[in-house]
1. Going by amide H atoms built from the backbone, whose H comes under 5 Å of the H on D291, apart from near neighbours?
2. Helix-derived [θ] at 222 nm for the chain: sum -39500 (n - 2.57) over DSSP H runs of at least 4, divide by residue count, nearest 500?
3. Once both labels are modelled 7 Å past Cα along the beta-carbon direction, what's the A211-A173 spacing in nm?
4. What is the Rg over Rh value, at two decimals, for the range 55-173, using alpha-carbon atoms and the Kirkwood definition of Rh?
5. So who's got an amide H within less than 5 Å of the one on H249, skipping anything under 5 residues away but keeping other chains? H placed 1.01 Å off N, in plane.
6. For the chain, find the longest principal axis of its Cα atoms and tell me its angle to the long axis of helix 48-57, 0 to 90°, nearest 10.
7. In whole Hz, with x marking every Gly and Pro, tabulate ³J(HN,Hα) for the range 123-137 from phi via Karplus 6.51 cos²θ - 1.76 cosθ + 1.60, θ = phi - 60°.
8. Once you put a point 7 Å from the Cα of A82 and another 7 Å from the Cα of H164, both along the Cβ direction, what distance in nm separates them?
Amino acid sequence: MTRVVILAGGTGGAKLAAGFDAVLPPGDLTVIANTGDDVERHGLLVMPDHDAILYMLGDRFDHERGWGIAGETWTVMEGLKAYGEEGWFGLGDRDFATHIARTSRVRAGATVSDAVIALQTAVGLATRILPMTDAPCRTQVRTDEGWLDFQEYFVHRHQGPEIHDVRFDGIEAARPTDAVLAALAEAELIVIGPSNPIVSLGPILAVPGMAEAIASARHAGVPVTAVSGIIGGKALKGPADRMLVSLGHEASATGVAAILAPHSDTFVLDAVDAVLEPAISDLGLRTHVTDTIMADAAGRSRLAAELLAVASASVPT
């Protein structure tokens, strides 16, 4: 079993994608990236989840800051602020280069998928990072102030307002790309990464035709493994735990499993949550308990290799 597709958004999904990239033969991994977080800043298309994966796989990710490129400089951002431009959404100089190169290709007529694959090829990545759709789709959250674009809530408001609802603007017109559908059809293992189940995985699964493509793969015998992004009732990074509670879910591995159960066969939870295993099994899921924290490259590779072994053991011979 080598051909793996992982659904990923945010840092957790990017880390696990890097783990698989390290243990699989070159070209055997495809990442389907959330694009609901995408935003236009300073006239440029910014794709935070795609770029986190791009930088992680290229060994450029700034692990200390948790986003962007390591060793970044900020000359352009400082210059923009001197002209009175908003500076709450920080972009480093080399990060700007990514957005400029991508936007110029899109404006020249390339699809978003073609534009990002060109960047991946230019930096020598064998793994393909595919946008969930080429259609514009933007995650929005409803707070006491009304509907906010996701980055306004996440970055500008520092995830402060309580969320009462979530929607994916433009999702009705979106479709998985042919490349996404082909990757799912050819996969030998599909992994739903340890990402926020509502705003990182939710948009991917909400693209019309995506859930059906995953279901078709499962019907053909392809195992689907989901990994909990909630450990001990908390998100390692981001507002997933608070968001789950505010939207009426349980902030636990069980709560995540309940959301992802319709799309999964096996659910992987951290050892600190082992007591939750019976409740997750009651959802109709096989379970696997392990250390899911990916503190470094060795941890990312270890978890990816373990998931491959678990999936292989679950496939009938």
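The values are calculated or read from the model by the stated rules, or taken from the named source; none is laboratory data. Just so you know, these numbers come straight off a predicted model, no measurement behind them. Here the Cβ is made from the backbone with ideal geometry for all residues, glycine too, and neighbour counts use every protein chain on show. Keep in mind that these areas ignore ligands, DNA and RNA; they rest on the heavy atoms of the full protein, side chains included. Shrake-Rupley method; radii C 1.70, N 1.55, O 1.52, S 1.80 Å.
1. A271
2. -11000 deg cm²/dmol
3. That separation, rounded to one decimal, is 2.3 nm.
4. In the range 55-173, Rg relative to Rh is 0.99.
5. Excluding prolines and chain starts, which carry no amide H, there are no hits.
6. Helix 48-57 sits at roughly 70 degrees to that axis.
7. Calculated HN-Hα couplings, in order: 9, x, 7, 7, 6, 8, 10, 9, x, 4, 7, 8, 7, x, 9 Hz.
8. 4.4 nm
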